[in-house]
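Remarks on the structure that follows.
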Amino acid sequence: MQKLKVGDTVQVTKGKEMALPAAQRRGRVLSVDWEALRIRVEGLRKVKRHTRKSNTHPEGGIIEKEGSIALANVAVVCPKCDKPNRMGIRTLEKDGEKAKRVRFCKGCEATLE
């Protein structure tokens, strides 16, 4: 089980985006590349891509999209305490059922699932 998933809210803790205010350093995870250990975050690390005319982009020109950020430079924001914290994995066992693994905030001990 990964500690970071698509759809989680993350906050940048290191890098170029540290110049932004704290509210603008947050975003939703769009994709995760586990081989390169990088993620794409909605609204952060904008890069410009020059494209020629094609069927998908009949005008061509400059397209602005989200670039990738290193996994080590972001922290998951806990929905309960609304702070960027580390996440842990805990196994919950119920009587007669299969054990379930859930993520939890190491700051306030709240589960994420």
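Of the set (1) part of a strand (DSSP E or B); (2) closer than 21 Å to E113 by Cα; (3) open to solvent by 50 Å² or more (accessible area, probe 1.4 Å), all apply to K48 but (2). Can you tell me which residue within region 6-32, out of those that are charged (D, E, K, R) and out of contact with any strand residue (DSSP E or B) (no Cβ under 7 Å at 6 or more places or on another chain), is nearest to R101 (Cα to Cα)? Taking the candidates together, the pick is K14.
Considering only region 71-94, I want to know if a residue exists there that is in a strand (DSSP E or B), of a type outside the set (V, I, T), more than 20 Å from C108 (Cα to Cα) and modelled with pLDDT of 90 or more. Taking every residue of region 71-94 in turn, none turns out to be in a strand (DSSP E or B), of a type outside the set (V, I, T), more than 20 Å from C108 (Cα to Cα) and modelled with pLDDT of 90 or more. Here the condition is being in contact with a helix residue (DSSP H, G or I) (Cβ under 8 Å, 6 or more places away or on another chain), surrounded by 11 or more Cβ atoms within 10 Å (Cβ to Cβ) and among the β-branched types (V, I, T); of I89, I39, it holds for I39 alone.
Going by the conditions given, is G15 open to solvent by 30 Å² or more (accessible area, probe 1.4 Å), small (G, A, S) and touching a residue at least 40 places away in the same chain (Cβ under 8 Å)? So G15 fits the description; yes. Within region 46-62, residues that are touching a residue at least 12 places away in the same chain (Cβ under 8 Å) reach partners that are surrounded by 10 or more Cβ atoms within 10 Å (Cβ to Cβ) and assigned to a loop (DSSP other than H, G, I, E, B) with beta carbons closer than 8 Å, at six or more positions or on different chains, in the pairs K46/G67; V47/G67; T51/H57; T51/G60. When region 51-67 is limited to residues that are in a loop (DSSP other than H, G, I, E, B) and surrounded by 10 or more Cβ atoms within 10 Å (Cβ to Cβ), the one that is modelled with the lowest pLDDT turns out to be H57.
Taken residue by residue, region 78-89 has no member that is in contact (Cβ under 8 Å) with a residue 40 or more places away in the chain, of a type in the set (V, I, T) and within 19 Å of A23 (Cα to Cα).
The values are calculated or read from the model by the stated rules, or taken from the named source; none is laboratory data. Computed from a predicted model, the values in this text were never measured in an experiment. Heads up, the Cβs are rebuilt from the backbone with ideal geometry, glycines too, and the neighbour counts pull from every protein chain shown. Surface accessibility is based on the protein's heavy atoms, side chains included, excluding ligands, DNA and RNA. Shrake-Rupley method; radii C 1.70, N 1.55, O 1.52, S 1.80 Å.
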